[in-house]
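Enquirer: There's a structure below that I have some questions on.
The values are calculated or read from the model by the stated rules, or taken from the named source; none is laboratory data. Worth saying up front: this structure is predicted, and the values here are computed from it rather than measured. For neighbour counting, all protein chains shown are included, and Cβ atoms are generated from backbone atoms with ideal geometry for every residue, glycine included. The accessibility values were calculated without ligands, DNA or RNA, using every heavy atom of the protein model including side chains. Shrake-Rupley method; radii C 1.70, N 1.55, O 1.52, S 1.80 Å.
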Amino acid sequence: MSAFGSNPWLAVAVPFIVAVVIAALGRRATAVTQWVAVLGPITASLVGLAGLQGSVASSSVPWLTQGSASIDAGVAVDGLSAIMLVVVGVVATMVVVFSVGYLEHDGAKARYFSLLALFTAAMSLLVMSTNLVTLFIGWELVGACSYLLIGFWYHKPSAASAAMKAFLTTRVGDVGMLLGLALLWKTTGSLDIATITGAAPGLTAATATAAALLLFMGAAGKSAQFPLHIWLPDAMEGPTPVSALIHAATMVAAGVFLIARMWPLFEVSEAARAVVLWVGTFTALFAATIACVQSDIKKVLAYSTISQLGFMFAALGAGAWGAAMFHLVTHAAFKALLFLGSGSVIHGTGTQDIREMGGLARQMPVTTLTWVVGATALAGIPPLAGFFSKDAVLAGVLHAVPAAGAVLLGASLLTAFYAFRVTRVAFFGQSRAETAAHESPLSMTAPLVVLAALAAVLGFFGGSITHALGLEAEGLEAAVAGASVLAAVIGIVVGIVLYAGDLERAEVLKGRFQRVHRLAFGGWGVDALVQRTIVAPAGAIAGWVYRVLDRTVIDGGVEGIGAGAQFAGKIASRLQSGETDVYASLVAVGFIVVMGIVLWAGR
């Protein structure tokens, strides 16, 4: 273990080398290389575990120099980065093993497993970076890997479109983040994280607020917070294990990690924290309402992820960044479990529509049991992990801003409702499928069992996680816990009762509130609004530029020169008559013209 603690670069180098090897060997060796892919995340986990045991190490090399200022490419493993490495490593390992069965017959497995390894390397670089430049490189690399994995089945127009949407939407936030880096460089003269956080108390309120909000733009884009959340539901077009890795447990958590890493800067600005708090609070409730009406099992989980990330940002804005990180860890376990569970369901049924399922508990017992554990943890029922971490978030927010805490309690009720709505419709009752479902192979069910165990017990390690972050652990508050459990129980009961039988009650309710249901199902029109106000005008402007400037002015000018040359050539070709006296006359005329020019120029 000491070797991993003293060489943190291994967490980046090993998965990167694995990615290159898998890509180089290609599809001929995937029977072996698909298992080699686990070496990357296992290495990241071991480096993280070494850091949690106190083997805090750092490594850096000179990289860029401008005048007296220089930037080192450095990595370090402290408590925060160690926790993230373990999360990334464990979830990625489970995803790789699960993918062996899920993509058994896919002809592009080499590309897939190579990208998983590259993503692990990029995420490890992001969380271990000691300066914002290398952090930003890792940040962009995980975005690029996300683009390639969302569009993995690029022959499907919907997948290609979803990949482009994710890439462009997150770039909006990244522009803000890049401007924040420029402001911090101008203000502090450094992009070293320790230097900036050390200088943060000396910054003016305006500068600290501006820098913090610009960084938050990047975090909101990566972590799908309103209004930059619109890319995440469409990202479900990628393979389901990709959703578990990138869009539940790691990449989307990078925004939460960024604010936790730069916490001293946010601590200076009360205004920035207020923005983070209310954006997170609104996103938590907003996304939960949409999740309540989705029929695609992966879309439910996508909006659930957006909502739970909102809980984390609300905790950050309330100053409870330790609670936010605790919830990040537990959420990684039970949401990865639910996403992989949905992949197992899709593999066993051939559909993503919960209305075409039902009765899966009898046909897929392992998947059902592990799913119920994940759904119960998500709902926040004790003693599962989600109960402890969500209550820590609620307590932190309720103490800071009671109104925001009350909103989060409402979101908690909706969370329990949609979690058990899907559970009731898909796994119990009568089967509505045309063909019988079947349980997934061991390579898929084994990761589900491991993640279910983590989702069950991680809540008891809240004190250890908080201590690793250098914070004091706070005990469970009975009043908050009671209110949270009550909200969860109400949500569960309503979800089970409303969707019992043949969904008749739910259909009647849907008919009564058809307009509201349609708006919620469409994401309350945010996506459509963006299409009308941003995408369509931008497309119209691009079309005009293409038709007028590109085709008419630029291409027209170039083509006009060519046409002019052709016309001149045709005129000149008429002089090729083959008559000697005509040629002699032209020579004489040319001689006279040239002599005239010479005499005129020499005056």
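Enquirer: I need every pair where a residue in the range 483-509 that is without any contact (Cβ under 8 Å) to a residue 12 or more places away in the chain and at negative phi has its Cβ under 9 Å from the Cβ of a residue that is surrounded by fewer than 18 Cβ atoms within 10 Å (Cβ to Cβ) and not aliphatic (A, V, I, L, M), sequence separation at least 6 or different chains.
Expert: Val497/Arg505; Leu509/His517
Enquirer: Outside any helix (DSSP H, G or I), open to solvent by less than 10 Å² (accessible area, probe 1.4 Å) and touching a residue at least 24 places away in the same chain (Cβ under 8 Å), is that true of Gln225?
Expert: Here the answer is yes, as Gln225 does meet what is asked.
Enquirer: Please state which one of Met325, Met312 is more than 30 Å from Thr349 (Cβ to Cβ), in contact with a His (Cβ under 6 Å, 6 or more places away or on another chain) and open to solvent by less than 20 Å² (accessible area, probe 1.4 Å).
Expert: None of the others qualify; the one that does is Met312.
Enquirer: Hey, another quick one. Give the residues of the range 230-247 that are over 25 Å from Ala452 (Cβ atoms) and open to solvent by 10 Å² or more (accessible area, probe 1.4 Å), sorted by residue number.
Expert: Scanning the range 230-247 gives Ile230, Asp234, Glu237.
Enquirer: Can you say whether Ser412 is more than 30 Å from Asp353 (Cα to Cα), assigned to a helix (DSSP H, G or I) and either open to solvent by less than 20 Å² (accessible area, probe 1.4 Å) or touching a strand residue (DSSP E or B) at 6+ places or on another chain (Cβ under 7 Å) (or both), as far as the supplied structure shows?
Expert: For Ser412, the condition - more than 30 Å from Asp353 (Cα to Cα), assigned to a helix (DSSP H, G or I) and either open to solvent by less than 20 Å² (accessible area, probe 1.4 Å) or touching a strand residue (DSSP E or B) at 6+ places or on another chain (Cβ under 7 Å) (or both) - is not met.
Enquirer: Kindly indicate which of Gly386, Gly348 is under 19 Å from Glu434 (Cα atoms) and either of a type in the set (A, V, I, L, M) or open to solvent by less than 10 Å² (accessible area, probe 1.4 Å) (or both).
Expert: Only one candidate passes the filter, namely Gly348.
Residues checked against (1) of a type in the set (Asp, Glu); (2) modelled with pLDDT of 90 or more:
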{"site": "Ala452", "(1), (2)": "no, yes"}
{"site": "Ala455", "(1), (2)": "no, yes"}
{"site": "Gly463", "(1), (2)": "no, no"}
{"site": "Glu477", "(1), (2)": "yes, no"}
{"site": "Ala481", "(1), (2)": "no, yes"}
{"site": "Leu486", "(1), (2)": "no, yes"}
{"site": "Gly491", "(1), (2)": "no, yes"}
{"site": "Ala500", "(1), (2)": "no, no"}
{"site": "Leu503", "(1), (2)": "no, no"}
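Enquirer: Identify all residues within the range 473-518 that are of a type in the set (A, V, I, L, M, F, W, C) and under 14 Å from Ala411 (Cα atoms); write none if there are none.
Expert: Ala483, Val485, Leu486, Ala487, Ala488, Val489, Ile490, Ile492
Enquirer: What single numbered condition from (1) outside any helix (DSSP H, G or I); (2) closer than 30 Å to Glu504 by Cα; (3) open to solvent by 10 Å² or more (accessible area, probe 1.4 Å) fails to hold for Gly319?
Expert: (2)
To keep it simple, each residue is scored yes or no on (1) more than 28 Å from Phe461 (Cβ to Cβ); (2) over 18 Å from the mean Cα position of the chain (by Cα).
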{"site": "Cys292", "(1), (2)": "yes, yes"}
{"site": "Ala320", "(1), (2)": "no, yes"}
{"site": "Ala324", "(1), (2)": "no, no"}
{"site": "Ala333", "(1), (2)": "no, no"}
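Enquirer: While we're on this one: Could you identify the single residue in Leu115, Leu125 that is assigned to a helix (DSSP H, G or I) and out of contact with any strand residue (DSSP E or B) (no Cβ under 9 Å at 6 or more places or on another chain)?
Expert: Among Leu115, Leu125, only Leu115 is assigned to a helix (DSSP H, G or I) and out of contact with any strand residue (DSSP E or B) (no Cβ under 9 Å at 6 or more places or on another chain).
Enquirer: Return a yes/no flag: does the range 441-464 have any residue that is farther than 28 Å from His229 by Cα and more than 30 Å from the chain's Cα centre (by Cα).
Expert: no
Enquirer: While we're looking at this one, here's another question. Considering only residues of the range 1-52 that are modelled with pLDDT of 90 or more and outside any helix (DSSP H, G or I), which is least open to solvent (accessible area, probe 1.4 Å)?
Expert: Among them, the one singled out is Ala37.
Residue-wise test of (1) under 18 Å from Ala219 (Cα atoms); (2) surrounded by 24 or more Cβ atoms within 10 Å (Cβ to Cβ); (3) at pLDDT 95 or above.
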site: Val86; (1), (2), (3): no, no, no
site: Gly89; (1), (2), (3): no, yes, no
site: Ser99; (1), (2), (3): no, yes, no
site: Asp106; (1), (2), (3): no, no, no
site: Leu116; (1), (2), (3): no, yes, no
site: Thr120; (1), (2), (3): no, yes, no
site: Ser124; (1), (2), (3): yes, yes, no
site: Val127; (1), (2), (3): yes, yes, no
site: Ile137; (1), (2), (3): yes, no, no
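The rows are residues; the columns are (1) under 15 Å from the mean Cα position of the chain (by Cα); (2) touching a residue at least 12 places away in the same chain (Cβ under 8 Å); (3) closer than 20 Å to Pro233 by Cα.
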{"residue": "Arg111", "(1), (2), (3)": "no, yes, no"}
{"residue": "Leu116", "(1), (2), (3)": "yes, yes, no"}
{"residue": "Thr120", "(1), (2), (3)": "yes, yes, no"}
{"residue": "Leu125", "(1), (2), (3)": "no, yes, no"}
{"residue": "Thr130", "(1), (2), (3)": "no, yes, no"}
{"residue": "Thr134", "(1), (2), (3)": "no, yes, no"}
{"residue": "Cys145", "(1), (2), (3)": "yes, yes, yes"}
{"residue": "Leu149", "(1), (2), (3)": "yes, yes, yes"}
{"residue": "Tyr154", "(1), (2), (3)": "no, no, yes"}
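Enquirer: Determine whether the range 179-195 contains at least one residue that is over 30 Å from Pro62 (Cβ atoms) and β-branched (Val, Ile, Thr).
Expert: no
Enquirer: What tally of residues in the range 264-293 results from selecting those that are farther than 22 Å from Ala200 by Cβ, open to solvent by less than 10 Å² (accessible area, probe 1.4 Å) and polar (S, T, N, Q)?
Expert: Summing the residues that are farther than 22 Å from Ala200 by Cβ, open to solvent by less than 10 Å² (accessible area, probe 1.4 Å) and polar (S, T, N, Q) in the range 264-293 gives 2.
Enquirer: Then there's this: Given the residues Phe313, Phe286, Phe282, which is the only one that is aromatic (Phe, Trp, Tyr) and closer than 26 Å to Asn131 by Cα?
Expert: Just one listed residue meets the conditions, Phe313.
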